[in-house]
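The values are calculated or read from the model by the stated rules, or taken from the named source; none is laboratory data. In this text the structure is predicted, and so the values were computed from the model without any measurement. Cβ atoms come from the backbone with ideal geometry, glycine included; neighbour counts cover every protein chain shown. Remember, those area values only see protein heavy atoms, side chains included, never the ligands or the DNA or RNA. Shrake-Rupley method; radii C 1.70, N 1.55, O 1.52, S 1.80 Å.
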Amino acid sequence: MTYKPTTFFDKIFKDKDGKIVIWQNPNIALWGWIIFTILTYIVKRGRINKGSQSLASAFLFTWAYLEVLKGDSIFRRVLGAVVLINIVVSFFM
């Protein structure tokens, strides 16, 4: 049986089964972003810092891209799009 949203809240925050999907456990892309972001704070200079920054951005870009394509709710798709746009804009600034 497919869930049919009845309110604006339902359309934005619920998936096709009627479950609220604002937060989910981090997947591999988010874990990679977390680990490499922490590493950039531990190692302040040098190649490891620059590499960690690049990998953290790559992992976050991957997460955002996947959310835009396959997010379980409109909220998660919009969140992915906002993060994706932010990454692309910050890359050129």
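Observations, loosely collected:
- Looking at the chain, the chymotrypsin sites (Phe, Trp or Tyr not before Pro) that sit in a DSSP loop and have at most 15 other Cβ atoms within 10 Å of their own Cβ are Y3, W23.
- DSSP-assigned coil residues among trypsin sites (Lys or Arg not before Pro) in the range 1-89, each with at most 16 further Cβ atoms within 10 Å: K16, K19, K44, R45
- In the context of the full set of protein chains, residues of the chain present 77 Å² of accessible surface per residue (probe radius 1.4 Å, heavy atoms only).
- Sequence-ordered 3J(HN,Hα) estimates for the range 17-26 from the Karplus curve with 6.51, -1.76 and 1.60 and θ = phi - 60° stand at 9, x, 8, 6, 10, 8, 10, 9, 4, x Hz, glycine and proline given as x.
- The share of alpha-carbon pairs in the range 10-61 lying farther apart than 17 Å comes to 50%.
- Partners for K16 among lysines (Cα-Cα distance below 27 Å; same-chain residues under 8 apart left out): K4, K70
- Here the Kirkwood formula puts the hydrodynamic radius of the chain at 14.6 Å, using every distinct Cα pair.
- Sulfur and carbon atoms: percent of accessible area, the chain [1.4 Å]: 69 percent
- Label-to-label distance, nm, for residues given as S90 and K19 (7 Å Cα→Cβ offset): 3.0 nm
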